[in-house]
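Remarks on the structure that follows.
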Amino acid sequence: MNRFTVTHDTIALDAFRRGMDDPSCGAYVQFEGRVRNHNEGQPVLRLEYEIYEPLAVKEGERILDEALARYGVEKAAAEHRGGLMGLEEVAVVVGVSAAHRDEAFAACRYIIDELKIRLPIWKKEHYASGEARWVNCQRCASAHDQG
Amino acid sequence: MRVKVRYFAAFRDDTGCSEEFVDSAGSTTGEVFEQCRSRHQGLHRHQASMVAVNDEMAQWDTPLADGDEVLFFPPVAGG
């Protein structure tokens, strides 16, 4: 069973958390990435994620394996949602079960940081003004300027 | 050499298409990207752009073979 999954529906947080139960673990850390109502001064109405699933799942599993090996935690899992979602909805969840809290916090942080920079996932912000823009476009724009 | 090229997110907007076949004289992912740039004026390779070949992450100097599927990824923004 995959520990990294992609869904196009509301993330089932209760089921996700139940899947992380482990009697050998005294610590469980969960991170939820949620849709916020602003970015760089612009009011945001909703977000849209495009996910290239075959490679996102493969690379996501790899990141979870790295976290298990690096921090010696018992269980690690994550789910990312694709498609359109509204304010306060959960776009990504990461869970880590470990014997103790230090490694659970560290592994959870590692996983979310790596997911954000390595998975083929793109975020489009829809603004109150009616405009929509792929996030990271400013980086693209500055790359254009540098030729 | 004939390869299938796929564009995602902002790259799809830049090129106006999601995939196309390219007959390439070049032999690496970077060379094929340059050829695609000459077809599509809006297409630029940003510093954080990534490339994959046959569903495995690759580099910009990864060699290609006839029939490969090349995936061009603009800067990612998960989470």
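A short reminder: the numbers here are calculations on the coordinates, not readings from a lab. In this text, all values refer to a predicted model and were calculated from it rather than measured experimentally. All Cβ positions, glycine included, derive from the backbone under ideal geometry; neighbour counts span all protein chains shown.
Here are a few things to note about the model shown:
- log₁₀ of I(q)/I(0) at q = 0.19, 0.21 Å⁻¹ - region A:65-124, Debye sum with one point per alpha carbon: -0.71, -0.81
- Globularity index of region B:20-62, i.e. its alpha-carbon radius of gyration over 2.2 N^0.38 Å: 1.13
- For region A:60-68, the Karplus equation 6.51 cos²θ - 1.76 cosθ + 1.60, evaluated at θ = phi - 60°, returns couplings of x, 4, 4, 5, 5, 4, 4, 5, 4 Hz by residue, with Gly and Pro reported as x.
- FRET efficiency, A:R36 to B:S27 (Cβ-Cβ, R0 45 Å, nearest 0.05): 0.50
- Built amide H within the under 5 Å cut-off of B:D68, gap 5+: B:K4
- Scattering profile of chain B at q = 0.14, 0.21, 0.23, 0.25 Å⁻¹ [log10 I(q)/I(0), Debye over alpha-carbon scatterers]: -0.38, -0.90, -1.09, -1.31
- Antiparallel bridges, percent of DSSP beta bridges restricted to chain B (to nearest 5): 75
- Euclidean distance of C-alpha centroids, region A:3-49 and region A:62-117, integer Å: 9
- Expressed in units of 2.2 N^0.38 Å, where N is the residue count, the Cα radius of gyration of chain A is 1.13.
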